[in-house]
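> Starting off with a structure, shown below.
Every read-out reported here was derived from the displayed coordinates using simple, explicitly stated rules and does not represent laboratory data. Since this is a predicted model, take the numbers as computed values, not measurements. Methodologically, a virtual Cβ is constructed for each residue, glycine included, from the backbone with ideal geometry; neighbour enumeration extends over all protein chains shown.
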Amino acid sequence: MSALHLLAVNAAVLVGMFALFWLVTLKTRDVTPIDSIWALGMVVLGWASFVQTSGDPGRAMLLMVLCTVWGVRLGGYLLWRWRHHGADRRYQTMFAKAQTDKGWGFNQASLRLVYAIQAPMLFIVCLPVQLGQLDGAPPVGVLGMVGAALAVIGIVFETIGDAQLVAFRRDPANAGRVLRTGLWRYTRHPNYFGDACVWWGLYLIAAESVTGLWALPGPILLTFTLIKWSGVPTVEGRMKRKKPDYEDYVRRTSGFVPWLPKRG
């Protein structure tokens, strides 16, 4: 199977999946679950690639195990968060602005501002898991093992970070306070850093094959999105408005890559 054939089939699978969820959204009037669909959609594309290709079985299985663990864990966590905390106000604000500025109703705004943007981004970020399963040689080597270790570190890192944040928020005494302990002492975004580690790790596994080398736009786009677009800037803008001591936290704590905090 050629890379273009694989990507064309997977693109059709992704469009069908997103169209289905968009139709569900028209009834629920809430697009918040798109965050979990983002993670679970990676797993769907990965397994769609797995059943279509006959590349090196060791590399394919390694990519799929890591991608599945990451996607199911993150997708499940985001679904849980949605069920416990309700609709994401970011999307409500976005749709209100679209209604005011462009006259778009919910149906049009959700399709154009959420699903039509998320689908191609998901497809590109997932390139390592798709293209990495095509070639029959070489077998997984040192670079692949380094990538697997990096991906495991990323999964563990973001899992611990999310768990620490949930525990912190459950304590009423922490209302209005900033989490400064655990992994959050060394980076303001352990979940995003872990995410980046996972997908750079998956790329290193894929990059041992010739076709997998072409998956580089995936981790680059993810890292850019997390650091410069919808990740760090969105969260930090909101936190600075809500929590007065967040500015001090920003001055002392690394923004992305974990590092020792600065002294006061």
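> Toward the positive end of the charge dipole of the chain, about the Cα centre and with charges on Cβ (Lys, Arg +1; Asp, Glu -1), which of V43, F18, W104 goes farthest?
So the residue we want is W104.
> By count of other Cβ within 10 Å, fewest leading, how are T93, T223 ordered?
By the 10 Å Cβ count, ascending: T93, T223.
> Something else: Over the chain, one equal point on each Cα, no solvent: what is log10 I(q)/I(0) by the Debye formula at q = 0.16 Å⁻¹?
-1.25
> Which value, in debye to the nearest 20, describes the size of the charge dipole of the chain about its Cα centre when Lys and Arg Cβ atoms bear +1, Asp and Glu Cβ atoms bear -1, and nothing else is charged?
Dipole of the chain, to the nearest 20 debye: 1340 debye.
> Let me ask something else about it. Which length gain, in nm to one decimal place, applies between W47 and R263 when the Cα-Cα distance is subtracted from 0.36 nm times their residue separation?
73.0 nm
> Next up: For I124 and A12 in one chain, what is 0.36 nm times their gap in residues minus the Cα-Cα distance, to one decimal in nm?
Additional length available on full extension: 38.9 nm.
> Which residues in the stretch 174-191 have a backbone N closer than 13 Å to a point placed 7 Å from the Cα of D248 along the Cα-to-Cβ line?
Within reach of a label on D248: 177-180.
> Rounded, prolate or oblate: which fits the stretch 102-231 when a ≥ b ≥ c are the square roots of the eigenvalues of the alpha-carbon gyration tensor, with rounded for a/c under 1.5 and prolate only if a/b beats b/c?
Oblate, because a/c is 1.5 or more while a/b does not exceed b/c.
> Shifting gears a bit: For the chain, what does the helix formula give at 222 nm: sum of -39500 (n - 2.57) over DSSP H segments with n ≥ 4, over the residue count, nearest 500 deg cm²/dmol?
Mean residue ellipticity, 222 nm, calculated: -23000 deg cm²/dmol.
> Grab the beta carbon distance between V142 and R90, set R0 = 30 Å, and tell me the FRET efficiency rounded to 0.05.
Approximately 0.10, to the nearest 0.05.
> While we're here: Considering only C-alpha atoms, what is the centroid distance from the stretch 21-58 to the stretch 214-262, in Å?
With the stretch 21-58 and the stretch 214-262 each reduced to a Cα centre, they are spaced 26 Å.
> Along its three principal axes, how long is the stretch 199-245 when you only count alpha carbons? Whole Å, largest extent first please.
Result for the stretch 199-245: principal-axis Cα extents of 50, 14, 7 Å.
> Further question: So how much slack lies between R83 and F106, counting 0.36 nm per residue of separation and subtracting their Cα-Cα distance, in nm?
Taking R83 through F106 to full extension adds about 6.2 nm, to one decimal.
> Further question on the same structure: Could you tell me the convex hull volume per residue, in Å³, taken over the Cα atoms of the stretch 3-102?
So the per-residue hull volume is 114 Å³.
> Pull out a ≥ b ≥ c, the square roots of the eigenvalues of the alpha-carbon gyration tensor of the stretch 93-163, then state rounded if a/c is under 1.5, prolate if not and a/b is larger than b/c, and oblate in the remaining case.
Oblate.
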